[in-house]
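Remarks on the structure that follows.
The values are calculated or read from the model by the stated rules, or taken from the named source; none is laboratory data. The model shown is predicted, which means the values in this text are computed figures rather than measured ones. Reconstructed Cβ throughout: ideal geometry from the backbone, glycine too, with neighbour counts over all protein chains shown. To get the accessible areas, we keep the full protein, side chains included, count just its heavy atoms, and leave off ligands, DNA and RNA. Shrake-Rupley method; radii C 1.70, N 1.55, O 1.52, S 1.80 Å.
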Amino acid sequence: MTDLARARRNVTVLVLAQAVLGAQMSIIFIIGALAGQVLSPHPCLVTLPLSMIILGSALSARPLARFMQARGRQAGFLLAVLAGG
């Protein structure tokens, strides 16, 4: 595979990954708000599930980046799969 073909393939994969990320983020916002509305006894707590998702993502980003820097990207993705499954 030539460098140009590899670069085009990488760009295609990254574009598709970004499209999936963009789609799932809007679904998380909608589902999080709807779940909060169903589960919340008080209207002020409706956005709590979504807030916890964002807070968890923000707090875990740096430690996970350090983990992947020390152990490699493959180990980081395997950790994500184990945590998500």
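So which helices (runs of 4 or more DSSP H) are wholly in the chain and hold at least 3 residues that are modelled with pLDDT under 85 and surrounded by 10 or more Cβ atoms within 10 Å (Cβ to Cβ)?
Fully inside the chain and qualifying: 3-39, 48-71.
Under 8 Å by Cβ, and 6 or more places apart or on different chains, what pairs join a residue from segment 15-28 that is without any contact (Cβ under 8 Å) to a residue 60 or more places away in the chain and closer than 13 Å to ILE53 by Cβ with one that is hydrophobic (A, V, I, L, M, F, W, C) and open to solvent by 60 Å² or more (accessible area, probe 1.4 Å)?
Taking only residues 6 or more apart or on different chains, the pairs are ILE28/ILE53.
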